[in-house]
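Reading through the structure tokens given below for one structure.
The values are calculated or read from the model by the stated rules, or taken from the named source; none is laboratory data. This is a predicted model, so every value here is computed, not measured. Glycine also receives a Cβ, built like all others from the backbone with ideal geometry; neighbour counts cover every protein chain displayed. Note: areas computed on protein heavy atoms with side chains; ligands, DNA, RNA excluded. Shrake-Rupley method; radii C 1.70, N 1.55, O 1.52, S 1.80 Å.
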Amino acid sequence: DMAGKTTTSLNMLVMSGDDDSICSTGGTQFWIYDLGYDALKGHLWQPWDVNGQTAGFVTHFDLGNPSSSFVFATVHGAGHEVPAYRPLEALELFKKFLSGEW
């Protein structure tokens, strides 16, 4: 259980294609929830879009440090290598994360 142990600034993005048969979204979720962090209130499974179409869902987790972020995003229709399956969505996802929007 890592909850409450984040003392340095850390920004982390975990993404998962929802058609990934190697590392399923469910398995990724299990791993994340097993870390012991709770989703931020109002930030659980929020849809995100590209060009007006739902591109997946995003959850923000509470690391107990306001200068840190932990984001889990799904990408609809993507397999194991998200950028290869959904390049536009992958680029938008990275832009949102790197810009601080997420």
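How do the pairs read when you match residues in the range 72-99 that are farther than 20 Å from I32 by Cβ and touching a residue at least 24 places away in the same chain (Cβ under 8 Å) with residues anywhere that are in a helix (DSSP H, G or I) and open to solvent by 80 Å² or more (accessible area, probe 1.4 Å), using Cβ under 8 Å and keeping only pairs 6 or more apart or on different chains?
Partner pairs satisfying both residue conditions: G77/Y85.
Identify all residues within the range 23-56 that are more than 24 Å from G79 (Cβ to Cβ) and either in contact with a helix residue (DSSP H, G or I) (Cβ under 7 Å, 6 or more places away or on another chain) or of a type in the set (S, T, N, Q) (or both); write none if there are none.
Hits for the range 23-56: nothing passes.
With the condition kept exactly as written, say whether any residue in the range 58-68 is in a loop (DSSP other than H, G, I, E, B), modelled with pLDDT under 95 and buried (at least 16 other Cβ atoms within 10 Å of the Cβ).
Yes - at least one qualifying residue is present in the range 58-68.
Can you spot a residue in the range 32-39 that is open to solvent by 60 Å² or more (accessible area, probe 1.4 Å) and more than 14 Å from the chain's Cα centre (by Cα)?
Yes, that holds for at least one residue.
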